[in-house]
Structures are given as C-alpha cells and as structure tokens.
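Undergrad: Handing you a structure now.
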Amino acid sequence: MIQNMETLELQELELLTQISGMLTSFDQNRVLKNVIDLVMRAFNVEQSSLLMSGDNGNRWRHFSLRQQFQTGLLRLPSTDEAYKAAQKIVNEGLAGWVIQNKQGVIIHNTAEDERWVELPDFPLGAASVLSVPFLSDDTVIGVFTLEHPKPGHFTEQHLRLMTIIANQVAVAMRNAQLFARMQGQQKQLEAFLHAMPDVLLIIDDMGQVLLTNSAGAALMGEQNREGVIGRPLRAFTHIDTALVMIVEIVDSPLQSGQNWSFEVRSEQRKRDYLASISVWEHQSGTGNAGYVVVMRDITQNRDLNRFKDEMLQMASHDLRSPLALIVGYCSLMQLDVDPDSKVAEYLGIVQQQTERMTGLLDDLLRVEKIRNSPTELYERVVFRDIVNTALNNMRPAADNKSQRLRAEIKVDGVPPLLINASLIRESMENLLSNAVKYTKDSGNITVKAYTENNRVNFVVEDSGIGIPADMLPRLFNTFFRARQAGTEDIEGRGLGLSLVKTIIERHEGEVWVESTVGVGSRFGFWLPIT
Ligand code: ADP
C-alpha cells in the first residue's frame with residue numbers, strides 16, 4: 001500500500017519495477033491480469049474496471065470488471081448485451097470524458113461531480129474514483145478505472161503513478177498486438193505454403209535454400225522443410241533430375257531482371273514440371289538477393305496434349321480414307337442413276353457433306369501444324385514485299401465485286417523481318433478475303449501498313465456489314481462464325497481468323513478487331529521488329 005511521502009518514492013519505484021518486469025511477456029491477457037492485481041493491491045482499492053476498444057477503435061467491451069479478493073480475472077462475454085453495456089459507459093459515464101480528453105482524472109467525491117454517472121459498472125457503489133486512459137499512437141485503446149467506497153481516497157501521487165503505469169502497459173499491449181499480428185501472418189503464410197501444390201523454392205545468392213514448402217521438401221526427398229532449409233540446392237540433384245537445370249541457373253552469378261521458364265522432367269517420379277525462375281532482390285538494397293523458383297506439375301497437360309495429337313493423327317489417317325471412299329463410291333453410283341432422279345440428288349448431298357467433313361479435318365490439322373511449326377524455318381524478308389504480294393493476290397477478288405481496294409504503305413526503313421513469309425502472307429490474305437467477302441459490291445477496302453514503337457502494323461479496313469459487339473470476343477475462336485442477317489449465303493468454316501491468330505501469336509505479335517454493324521470493320525495485327 002502506498003502511504004506517505006517519505007516511503008512513497010521507494011514504493012513507487014518498486015511497483016514500477018515489478019510492472020515493467022511483467023510487461024516483458026507477449027501474453028496480453030496474463031500481463032493485464034497481473035498488472036491489475038498488483039495495482040489494486042498497491043492502491044488498496046476494492047474494485048476496478050478495464051474497458052478496451054475493438055480493433056477499429058469504436059467497439060468497446062469490458063476486458064475486466066474486478067472486485068478485490070475475488071480470485072481470477074473476470075472476463076466478460078463478447079455478447080451483444082455486454083457490448084451495449086460497455087458502450088453505455090463509454091457514452092454516458094466517466095470513461096467517455098477520459099477518452100475525449102485523453103488524460104487521467106480523479107473524482108474525490110462522486111456525489112459532487114456530474115461526470116460520474118451511476119452505471120451497472122460498479123455494483124458496490126463508488127465514493128471516489130481514479131480513471132486513466134491507455135494511449136497508443138495518440139488514440140485511447142483502453143480506460144482503466146479504480147474505485148473506492150470512501151470519498152477522497154485517491155491522491156495526485158496515485159494519478160501520476162497510474163498514468164506512468166498506463167503508458168507502459170499501452171506500449172506493451174501495442175507490442176503484443178504487433179507480435180500477435182506478425183505471428184498470425186506467419187501462420188497464414190505457412191498454411192498457404194503448405195497448401196500450395198506447386199513446388200516453391202527461395203534460394204539465396206550462394207545457392208542455398210532459404211524457404212520452401214511441403215511440395216518442395218517432398219521433391220527433395222525430405223519429410224519436412226527443416227531438412228532442406230539452409231542446405232545448398234545442388235546437394236539434392238541426385239535425388240531428383242528435375243533439379244539439375246535449375247541448379248545450373250541458381251549457381252550462376254545473379255543478373256537482375258532476368259526470368260527463365262522451361263520444362264523439366266523428374267525421371268524418379270516420372271513427372272513433368274514447368275519451372276519458372278526469377279531473381280529477387282531486397283527492396284532496401286541490403287545486398288540480399290537470390291532466386292525464386294516455382295515448379296508446376298504439368299504431367300497431366302502433357303498427357304492430354306499427347307492424347308490430342310494421337311487423336312488428330314487418327315483423324316487424319318483413319319478418318320480420311322473412309323471419307324475418300326464414300327466420295328468415290330458416290331461418284332460411281334451417280335454414273336448408274338438418272339441424273340434428274342431424287343437418288344442422284346441425295347447422292348450429291350452425301351458427296352458434298354462428306355467433302356465438307358474432309359475439309360474440316362484438313363483445317364484442323366492445318367491449325368495444329370502451324371501451332372507446332374518449327375521457328376527454324378523463319379527467313380529474313382522485306383515486309384513491304386509481302387504486303388504487295390498479298391494485295392496483288394487479292395485484287396482480282398475485289399475487282400470481281402467492283403470494290404475499291406486502296407493501300408497506304410509506310411514501312412520505309414523497317415529492317416527485313418525474321419518470319420515465316422508464306423504464313424504471314426496467308427494471314428494478310430485471310431483478312432483481305434474476309435473484307436471482300438463481308439463487304440457489298442462497290443464497297444471500299446483500305447489496307448494500311450506502318451511502323452510504331454518497334455512494331456510493324458498491318459490493318460484492313462472495310463465498309464462492310466460489320467460485326468455485333470457481343471460477338472467480337474469470340475471472333476478468333478476456331479470454327480466461330482458471326483451469324484447475322486445477310487451472311488447466310490457467304491461460304492466459310494469459321495477457321496480463317498483462328499489461323500491468323502495462331503500464326504501471329506507464333507510470331508509473338510497480336511491480332512485485334514474493331515467493328516460497327518452497318519458501318520464496317522477494322523482487322524489488324526502487329527509483329528515485333530527484331
Ligand atoms: P469464315 O469467314 O470462314 O466464316 P473467319 O474465321 O475468317 O471464318 O471469320 C469468322 C467470322 O467473323 C465470319 O464468319 C464472319 O462472321 C466474321 N467476319 C470476319 N471478317 C469479317 C469482316 N471483315 N466483316 C464482317 N464480319 C467478318
């Protein structure tokens with residue numbers, strides 16, 4: 001108990017020392033319980049209350065409501081009623097004054113001070129009270145009130161001491177909260193890493209594993225991550241062949257901004273991975289750096305791809321022969337029947353549809369062939385020449401429909417491009433033939449070729465029927481046709497644009513379209529100048 005001025009300072013110091021000892025713990029609940037206990041004993045009070053605000057600072061609740069000699073800390077339930085009771089004290093009671101003024105206060109006689117309102121907080125009735133805020137970042141996060149049944153119990157000395165204690169406790173609580181938040185985030189990261197199916201490896205500039213996840217540990221033949229962390233990645237290449245190429249990169253000198261993406265195979269597991277490696281560097285330039293490696297299991301994709309290739313092979317060989325036979329037999333049968341008979345008509349339809357199926361098969365195979373075409377076949381060609389060839393090839397079709405075909409070519413100074421010339425020419429002709437097809441007789445078609453930002457652009461503008469906006473996103477899909485009134489008689493299989501997209505993307509370029517129904521369309525693509 002703190003009694004008179006002579007002994008006060010020593011006791012004060014003792015109390016503060018005891019409290020700062022308690023504050024070293026990060027267990028917030030235990031710290032508060034012990035501090036309250038100690039203060040109540042030192043100040044010889046019988047009741048205390050601690051109100052705490054929620055995370056957002058406006059949802060108050062009682063952390064403790066305590067009477068002396070009662071063992072344990074009374075933690076009030078987090079019910080709506082409990083919140084409402086606490087809110088009432090904050091709004092109407094002394095706590096509200098402390099929160100607003102951000103300072104402690106003594107009421108020597110509650111009967112004479114209108115700041116004191118009798119609320120269910122203190123069931124025994126209080127004649128004098130001392131209340132202090134817990135301040136963190138200039139915000140009141142808690143209000144601690146001590147109460148005594150007799151008037152005039154508290155002194156300025158008490159208030160001074162209690163303010164110091166409250167400040168210390170607030171700092172400790174803030175630290176504990178930060179620590180708890182950090183721990184929470186750490187746990188979240190752990191859970192995320194654990195659940196992640198891809199292999200994740202963070203490697204330092206010495207080639208040592210800084211961090212990995214369960215999938216990573218498993219790949220390296222370890223039960224848990226601890227068995228891997230701190231060890232050089234190269235120590236695991238004998239466990240899994242998938243790591244060999246990765247080690248070659250992470251053991252080489254760091255080059256900022258570089259990324260790698262390649263496929264690797266684990267002979268041990270019989271699985272294929274897509275490995276992506278990038279360089280990481282500490283933002284604050286501390287010199288810390290290394291590699292982030294992510295390995296995605298693509299075995300299933302590969303198997304599906306293989307299956308698709310086999311299906312296409314089958315389609316090309318096994319389906320084409322019977323279709324050719326059907327067409328052949330139809331022609332033979334037509335020789336034996338009256339050309340004006342119904343049978344001849346039906347045979348004609350069978351033959352026509354069978355040829356259509358063969359055409360579809362050919363188209364499908366063509367798309368696949370382009371998708372997998374080797375880039376080694378690329379040659380250096382002058383862009384202007386390909387544009388001119390495409391224009392010359394398509395001019396007769398435009399003339400046939402009395403359409404005006406104009407060209408604006410501004411590609412002077414563009415170095416010869418490394419491309420597959422016949423495929424690029426085919427793409428241009430495809431866009432041009434569509435413009436001719438989907439534009440009425442005597443319409444206008446303009447071809448533009450120009451350079452911009454290290455790219456060459458090719459654009460075909462027409463004054464044709466245009467395309468409804470909702471169909472634009474699907475226009476480049478294989479076999480998609482934007483069916484609309486007026487196009488019923490126009491022949492097509494919906495494959496041209498998908499071929500153009502495949503070819504251009506194979507060249508690391510991009511296709512685009514803009515269109516307005518009844519006004520016309522603009523189709524274009526760009527290719528990088530390398
Ligand atoms: P196809 O012309 O053989 O049907 P494409 O893949 O070349 O196939 O084109 C897909 C669809 O896009 C066409 O069916 C047509 O509806 C629309 N389209 C393409 N080019 C134009 C254009 N210039 N004007 C209007 N519609 C077009």
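The values are calculated or read from the model by the stated rules, or taken from the named source; none is laboratory data. Owing to the predicted nature of the structure, the values given are computational and were not obtained by experimental measurement. So basically every Cβ, Gly included, is an ideal-geometry build from the backbone, and we count neighbours across all protein chains shown. When the accessible area is computed, the model is the full protein with side chains, heavy atoms only, and any ligands, DNA or RNA have been set aside. Shrake-Rupley method; radii C 1.70, N 1.55, O 1.52, S 1.80 Å.
Undergrad: Going through GLN208, GLN177 one at a time, which residue ends up being closer than 30 Å to SER25 by Cβ and of a type outside the set (D, E, K, R)?
TA: None of the others qualify; the one that does is GLN177.
Undergrad: Scan ARG506, ARG493 and give me the residue that is more than 23 Å from THR446 (Cα to Cα) and near the ligand (Cβ under 7 Å from one of its atoms).
TA: ARG493
Undergrad: Residue check: is ARG406 surrounded by fewer than 16 Cβ atoms within 10 Å (Cβ to Cβ), within 16 Å of the ligand (Cβ to nearest atom) and part of a helix (DSSP H, G or I)?
TA: no
Undergrad: Looking at region 462-500 only, could you name the residues that are closer than 20 Å to GLU426 by Cβ and of a type in the set (Asp, Glu)?
TA: ASP462, GLU491
Undergrad: Scan region 162-171 and give yes if some residue there is farther than 27 Å from LYS88 by Cβ, open to solvent by less than 10 Å² (accessible area, probe 1.4 Å) and part of a helix (DSSP H, G or I), otherwise no.
TA: Checking region 162-171: not a single residue is farther than 27 Å from LYS88 by Cβ, open to solvent by less than 10 Å² (accessible area, probe 1.4 Å) and part of a helix (DSSP H, G or I).
Undergrad: Here is a check on your reading of the model: is ARG425 free of Cβ contacts under 8 Å to residues at least 40 places away in the same chain and either within 11 Å of the ligand (Cβ to nearest atom) or in contact with a strand residue (DSSP E or B) (Cβ under 7 Å, 6 or more places away or on another chain) (or both)?
TA: So ARG425 does not fit the description; no.
Undergrad: Could I ask something else about it? Just one of (1) small (Gly, Ala, Ser); (2) farther than 19 Å from PRO197 by Cα; (3) surrounded by 14 or more Cβ atoms within 10 Å (Cβ to Cβ); (4) in contact (Cβ under 8 Å) with a residue 24 or more places away in the chain trips up ALA235, so point out which.
TA: (4)
Undergrad: Let me ask something additional. So, LEU431, is that one in contact (Cβ under 8 Å) with a residue 24 or more places away in the chain and away from the ligand (no atom under 15 Å from the Cβ) or not?
TA: no
Undergrad: For region 8-25, how many residues meet the condition of being hydroxyl-bearing (Ser, Thr, Tyr) and in a loop (DSSP other than H, G, I, E, B)?
TA: Residues in region 8-25 being hydroxyl-bearing (Ser, Thr, Tyr) and in a loop (DSSP other than H, G, I, E, B): 2 in total.
Undergrad: Condition first: in contact with a strand residue (DSSP E or B) (Cβ under 7 Å, 6 or more places away or on another chain), more than 7 Å from the ligand (Cβ to nearest atom) and either open to solvent by less than 40 Å² (accessible area, probe 1.4 Å) or farther than 29 Å from LEU361 by Cα (or both). Can you find one or more residues in region 461-469 that meet it?
TA: Yes, region 461-469 contains at least one residue that is in contact with a strand residue (DSSP E or B) (Cβ under 7 Å, 6 or more places away or on another chain), more than 7 Å from the ligand (Cβ to nearest atom) and either open to solvent by less than 40 Å² (accessible area, probe 1.4 Å) or farther than 29 Å from LEU361 by Cα (or both).
Undergrad: Quick one: count up the residues across region 239-254 that are assigned to a loop (DSSP other than H, G, I, E, B) and in contact with a strand residue (DSSP E or B) (Cβ under 7 Å, 6 or more places away or on another chain).
TA: Number satisfying all stated conditions: 2.
Undergrad: Would region 285-300 turn up any residue that is in contact with a Gly (Cβ under 7 Å, 6 or more places away or on another chain), farther than 30 Å from THR358 by Cα and in contact (Cβ under 8 Å) with a residue 24 or more places away in the chain?
TA: For region 285-300, residues in contact with a Gly (Cβ under 7 Å, 6 or more places away or on another chain), farther than 30 Å from THR358 by Cα and in contact (Cβ under 8 Å) with a residue 24 or more places away in the chain: absent.
Undergrad: Right, LYS401: within 16 Å of the ligand (Cβ to nearest atom) and farther than 17 Å from PRO528 by Cβ or not?
TA: Yes.
Undergrad: Is it true that LEU472 is within 11 Å of the ligand (Cβ to nearest atom), of a type outside the set (S, T, N, Q), within 30 Å of GLN353 (Cβ to Cβ) and surrounded by 14 or more Cβ atoms within 10 Å (Cβ to Cβ)?
TA: no
Undergrad: I'm checking my understanding of the structure. Among residues of region 518-530 that are surrounded by 14 or more Cβ atoms within 10 Å (Cβ to Cβ) and within 11 Å of the ligand (Cβ to nearest atom), which one is nearest to the chain's Cα centre (by Cα)?
TA: PHE523
Undergrad: Looking at this structure, is THR439 among the hydroxyl-bearing types (Ser, Thr, Tyr), touching a strand residue (DSSP E or B) at 6+ places or on another chain (Cβ under 8 Å) and within 11 Å of the ligand (Cβ to nearest atom)?
TA: Considered against the rule, which asks whether it is among the hydroxyl-bearing types (Ser, Thr, Tyr), touching a strand residue (DSSP E or B) at 6+ places or on another chain (Cβ under 8 Å) and within 11 Å of the ligand (Cβ to nearest atom), THR439 comes out as yes.
Undergrad: Still on this structure, please answer the following. If I ask for residues that are crowded, with 18+ Cβ neighbours inside 10 Å, more than 16 Å from the ligand (Cβ to nearest atom) and either free of Cβ contacts under 8 Å to residues at least 24 places away in the same chain or within 27 Å of ILE490 (Cβ to Cβ) (or both), which ones from region 444-456 would you list?
TA: ALA449
Undergrad: Hey, VAL513 hits all of (1) open to solvent by less than 60 Å² (accessible area, probe 1.4 Å); (2) near the ligand (Cβ under 9 Å from one of its atoms); (3) under 25 Å from ASP362 (Cα atoms); (4) among the hydrophobic types (A, V, I, L, M, F, W, C) but one; which does it fall short on?
TA: (3) is the only condition that VAL513 fails.
Undergrad: Here's something else I'd like to know. Inside region 293-332, can you point out the residues that are exposed (fewer than 12 other Cβ atoms within 10 Å of the Cβ) and under 30 Å from GLU248 (Cβ atoms)?
TA: GLN300, ASP303, LEU304, ASN305, ARG306
Undergrad: If we keep just the residues of region 372-399 that are in contact with a helix residue (DSSP H, G or I) (Cβ under 7 Å, 6 or more places away or on another chain) and in a strand (DSSP E or B), which is farthest from GLU461 (Cα to Cα)?
TA: GLU379
Undergrad: Just one of the numbered conditions (1) free of Cβ contacts under 8 Å to residues at least 12 places away in the same chain; (2) among the hydroxyl-bearing types (Ser, Thr, Tyr); (3) surrounded by 14 or more Cβ atoms within 10 Å (Cβ to Cβ) is not true of SER214; which one?
TA: (1)
Undergrad: Every residue in region 217-232 that is free of Cβ contacts under 8 Å to residues at least 60 places away in the same chain and of a type in the set (A, V, I, L, M, F, W, C), please.
TA: If the condition is that a residue be free of Cβ contacts under 8 Å to residues at least 60 places away in the same chain and of a type in the set (A, V, I, L, M, F, W, C), then ALA217, ALA218, MET220, VAL228, ILE229 are the ones that fit.
Undergrad: Return the residues of region 473-495 that are under 25 Å from ALA390 (Cα atoms) and either modelled with pLDDT of 90 or more or of a type in the set (Lys, Arg) (or both); say none if nothing qualifies.
TA: LEU475, PHE476, ARG481, ARG493
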